Amino acid sequence: MSYPYQIRSLEQYRTDHQRSIQDPEGFWSEIAEHFVWKKKWDKVLEWNFTEPRVRWFEGAQLNITENCIDRHLADKADQPAIIWEPNDPSERTRTITYAILHKRVCQFAQVLRNNGVKKGDRVCIYMGMVPELAYAVLGCARIGAIHSVIFGGFSAQSIADRLADAQAEFIVTCDGAYRGAKDIPLKSVIDDALVGNQSVKRVIVYTRTRTPVSMIKGRDVWWEEEMEHAATQLEQTGSVHVPAEPMDAEDPLFILYTSGSTGKPKGVVHSSAGYMLWTNYTFVNVFQYQPKQVHFCTADIGWITGHSYILYGPLSAGATSVMFEGIPTWPDAGRFWDIVDKYKVNILYTAPTAIRSLMGFGTEPLEGKDLSSLQVLGTVGEPINEEAWHWYDEHIGKKRCPIVDTWWQTETGGVLISNLAGITPAKAAWATLPLPGVQPILVDEKGAPVTERDENGMLKGNLCIQGPWPSILRTTYGDHERCRQNYFATYDNLYFTGDGALQDADGNFRITGRVDDVLNVSGHRIGTAEVENAINCHAGVVESAVVGYPHAVKGQGIYAYVIISHFHQDAEQTRKDILQTVTRVIGPIAKPDQIQFVSGLPKTRSGKIMRRILRKIAEGETENLGDTTTLLDPGVVKEIVEGRG
Ligand code: PRX
């Protein structure tokens with residue numbers, strides 16, 4: 001398979017971008033011709049951002065798994081689709097060819113059907129990074145069930161909330177997951193999430209760690225037994241093939257929960273055709289993927305990056321995708337480099353946090369590792385600082401690999417702003433230029449386009465996107481108004497990203513971070529309101545305010561100011577108890593890095609917490625805290641500064 005829509009020069013980028021804006025319907029319908037459709041579209045695009053309503057390829061029918069699997073069987077049946085690297089390097093690795101992937105996905109699709117899952121049903125997937133997770137995701141897509149993957153770092157309470165919101169009746173999980181030296185008891189977390197739950201009908205449990213689990217009669221079944229049963233059934237038909245459900249272009253493919261500025265995560269909904277096109281197009285163009293290359297995206301499939309660039313993007317392009325169960329620092333900090341060496345990885349796509357953390361180990365873990373197979377490096381998830389960018393360039397890419405800094409979001413489905421590896425120029429710590437189909441614009445608080453440059457020649461404003469690209473979110477599950485409010489109501493006729501950005505005179509964008517109350521901790525998105533709600537659950541807590549502060553490795557750390565009515569035992573014990581409460585309510589990923597007990601919070605006379613001041617104090621600022629005269633009790637600021645320690 002070659003990719004006729006792969007951009008091969010800067011000039012082509014410019015003409016393609018221009019054409020995609022002038023004639024989006026012509027541009028995208030030509031690209032869509034390179035996919036497998038059960039029925040072609042009647043209309044390429046229909047949209048308005050007021051409702052919002054976005055429809056791409058209306059009238060068309062397809063199944064994304066035919067594009068990700070079946071169409072490769074003719075010439076790539078024996079090519080690895082997924083190379084799986086276990087957590088423990090001494091354990092056997094697994095190579096899943098396209099033929100095996102087809103067989104397993106069909107088999108699991110049959111399992112889902114046998115268990116009563118139908119098109120449109122929501123299936124929650126809570127698994128470690130094992131190939132069976134890929135089979136579960138693609139098995140859902142095969143029969144048109146809507147998957148909702150939940151990252152293994154979320155607590156029972158978070159799962160229960162998501163199950164209720166998605167009205168999910170089915171769960172696929174593992175007994176446990178390995179992550180570094182830890183075993184995470186996934187099934188036991190699911191059991192806790194299901195206490196009192198009346199709606200979940202079936203839990204399918206894959207055995208990975210062989211941790212003892214409770215299996216509830218009539219509800220819980222073993223993956224292995226179900227797969228065997230399905231295999232026997234399929235054998236009787238004389239074929240491993242399970243036909244793919246015809247999906248309308250706009251049928252939902254999946255829900256993925258993500259944090260916003262309110263206390264409750266929202267279920268971002270992506271559609272079938274648009275998402276397929278975009279993940280494929282961006283994968284092929286941003287990374288400049290060439291047939292037979294080995295692509296290694298280090299994300300977890302519990303996040304959007306794993307969905308789009310471990311599974312759907314690479315597989316739809318017939319690529320070989322490495323899936324890694326473990327963590328970068330176990331059993332030692334050379335793990336990524338071992339994997340690159342072992343599988344001759346050509347494209348490495350990781351997060352700035354991972355780079356910064358590995359930088360901290362120096363170059364010793366790199367010794368003796370052959371990284372010469374690397375051709376392209378990528379980063380995603382948070383702003384990358386120049387120091388990390390240069391370390392990545394020098395020590396990993398040996399200054400011969402283009403680095404793509406890819407900016408995007410759960411809501412965008414795939415990369416919107418990035419250089420194209422080796423094709424458009426890179427600029428350290430800049431995401432640079434928009435992909436074809438993407439029109440970013442910087443606006444001020446009122447929504448007016450920013451036109452005045454600062455002393456460095458930069459435009460600075462809130463990042464919005466004009467018009468819809470194919471994989472824009474379609475709704476937030478069960479609450480379309482929330483989708484409108486969150487993304488389309490701030491500014492007229494624009495999608496608002498929640499990020500702030502700079503633009504230089506050449507049109508390059510640098511994303512500076514969130515301008516709303518969302519934190520980005522180690523590339524994980526967490527709402528301050530969510531963390532506050534969790535802290536406030538703790539007995540004795542009167543009120544709390546959570547802000548982010550710069551953290552050398554995590555990008556941002558979580559700083560919590562907490563008013564407490566009384567300490568049970570002492571402050572240190574209470575601090576630990578609060579961390580435990582947050583772990584219970586959200587999960588370990590949301591634990592504050594710093595908790596400061598305070599007697600009051602800086603509030604305006606109308607009762608609004610002045611987060612700007614709290615942010616500055618958390619950053620270590622003691623002097624220039626801005627105007628504090630409008631505060632109800634200016635004295636509280638002095639106390640907080642002194643207590644900062
Ligand atoms: O603030 C931006 C940051 O991550 C946010 C999106 O988070 P999430 O939906 O979890 O998706 C992460 C993976 C795509 C954005 O609003 N972000 C993502 N990529 C970059 C980035 N910030 C700066 N540079 C990036 N390359």
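The values are calculated or read from the model by the stated rules, or taken from the named source; none is laboratory data. As the structure is a computational prediction, the values presented were derived from the model and not from experiment. All Cβ positions, even for glycine, are placed from backbone atoms using ideal geometry, and neighbour counts span all protein chains on display. Accessible surface is based on the protein model in full, side chains and every heavy atom, while ligands, DNA and RNA are left aside. Shrake-Rupley method; radii C 1.70, N 1.55, O 1.52, S 1.80 Å.
For segment 524-645, what's the relative contact order in percent, using C-alpha pairs closer than 8 Å and at least 6 residues apart?
Averaging sequence separation for qualifying contacts and normalising by length gives 23 percent for segment 524-645.
What residues qualify as long-range amide H neighbours of residue 325, i.e. H under 5 Å apart, gap of 5 or more or another chain, H built at 1.01 Å from N?
85, 87
At R0 = 56 Å, how high is the FRET efficiency between residue 241 and residue 512 if r is their beta carbon distance? Nearest 0.05 is fine.
That gives a FRET efficiency of 0.65.
Picking from 524, 538, 199, whose Cα lies most toward the positive end of the charge dipole for the chain (charges on Cβ: Lys, Arg +1; Asp, Glu -1)?
Most positive-ward Cα: 199.
How many angstrom lie between the C-alpha centres of segment 350-413 and segment 210-243?
Taking the Cα centre of segment 210-243 as reference, the centre of segment 350-413 is 40 Å away.
Whole angstrom only: what separates the Cα centroid of segment 507-585 from the Cα centroid of segment 98-136?
36
Give me the number: length gained by fully extending residue 232 to residue 366, i.e. 0.36 nm times residue separation minus the C-alpha to C-alpha distance, one decimal in nm.
So the chain would gain 43.5 nm between residue 232 and residue 366.
Could you provide, to the nearest whole Å², the per residue accessible area of the chain with probe 1.4 Å?
38
Got a sec to turn the phi values of segment 147-156 into Karplus ³J(HN,Hα) couplings, 6.51 cos²θ - 1.76 cosθ + 1.60 with θ = phi - 60°, whole Hz, x for Gly and Pro?
8, 9, 7, 10, 4, x, x, 8, 7, 4
Considering only the other residues whose Cβ falls under 15 Å of the Cβ of residue 457, what net charge follows from Lys and Arg at +1 and Asp and Glu at -1? Numbers along the way, then the final one.
Working: positive: 427, 453, 460, 510; negative: 452, 454, 455, 504, 506.
Summing Lys/Arg as +1 and Asp/Glu as -1 gives -1.
Restricting attention to segment 34-104, which GluC sites (Glu not before Pro) occupy a DSSP loop and are surrounded by at most 15 other Cβ atoms within 10 Å? Walk me through the numbers on the way to the answer.
On the way: sites: 46, 58, 66, 91; in loops: 91.
Here the sparse-neighbourhood loop sites are 91.
Write out the trypsin sites (Lys or Arg not before Pro) in segment 1-87 meeting two conditions: DSSP loop, and at most 15 other Cβ atoms within 10 Å of their Cβ. All intermediate terms of the calculation are to be shown ahead of the outcome.
Details: sites: 8, 14, 19, 38, 39, 40, 43, 53, 55, 71, 76; in loops: 8, 38, 40.
Sites meeting the loop and neighbour criteria: 8, 38, 40.
Would you please state which residues of segment 29-53 a label at residue 493 would reach in this model, taking the label point 7 Å out along Cα→Cβ and a backbone N cut-off of under 18 Å?
46-53
For segment 507-515, in order, what is each residue's ³J(HN,Hα) by Karplus, 6.51 cos²θ - 1.76 cosθ + 1.60 with θ = phi - 60°, in whole Hz (x at glycine and Pro)?
Coupling constants for segment 507-515: x, 6, 10, 10, 8, 9, x, 6, 9 Hz.
Counting Lys and Arg as +1 and Asp and Glu as -1, what is the net charge of the other residues whose Cβ lies under 10 Å from the Cβ of residue 551?
Numbers: positive: 356, 554; negative: 593.
Once positives and negatives cancel, what remains is +1.
So what is the 222 nm mean residue ellipticity for the chain from helices alone, if each DSSP H run of at least 4 adds -39500 (n - 2.57) and you divide by all residues, rounding to the nearest 500 deg cm²/dmol?
-8000 deg cm²/dmol
Can you pull the one-decimal nm distance between simple spin-label points at residue 292 and residue 641, each 7 Å off the Cα toward Cβ?
6.6
Cα to Cα, under 17 Å, and not fewer than 8 places away if on the same chain: which lysines meet these conditions relative to residue 399?
Of all the lysines, those that pass the test against residue 399 - Cα under 17 Å, at least 8 places apart if same chain - are 369, 427.
Can you give the extra length, in nm with one decimal, that the chain gains between residue 539 and residue 563 once fully stretched, where that is 0.36 nm per residue apart less the Cα-Cα distance?
Contour length minus Cα-Cα distance gives 7.5 nm.
Long-range amide H contacts for residue 115: which residues qualify at under 5 Å (H placed 1.01 Å from N, peptide plane, sequence gap of 5 or more or a different chain)?
Hits under the 5 Å cutoff: none.
What FRET efficiency do you get for residue 164 and residue 50 if R0 is 25 Å and r is their Cβ-Cβ distance, rounded to the nearest 0.05?
0.25
In whole angstrom, how far apart do the alpha carbon centroids of segment 166-202 and segment 15-58 sit?
One Cα centre to the other: 39 Å.
List every residue whose amide H lies under 5 Å from the amide H of residue 268, counting only residues 5 or more places away in sequence or on a different chain, with H placed 1.01 Å from N in the peptide plane.
256, 257, 258, 477
Hey, got the dipole for segment 236-352? About the Cα centre, +1 on K and R Cβ, -1 on D and E Cβ, debye to the nearest 20?
I would put it at about 240 debye.
Mind giving me the FRET efficiency for residue 74 and residue 8? R0 is 25 Å, r the Cβ-Cβ distance, nearest 0.05 is fine. Let's see the in-between values first.
Values: r = 26 Å, r/R0 = 1.02.
E(calc), rounded to 0.05, equals 0.45.
How high is the relative contact order of the chain, in percent, counting Cα pairs under 8 Å that sit 6 or more residues apart?
About 12 percent, as a whole number.
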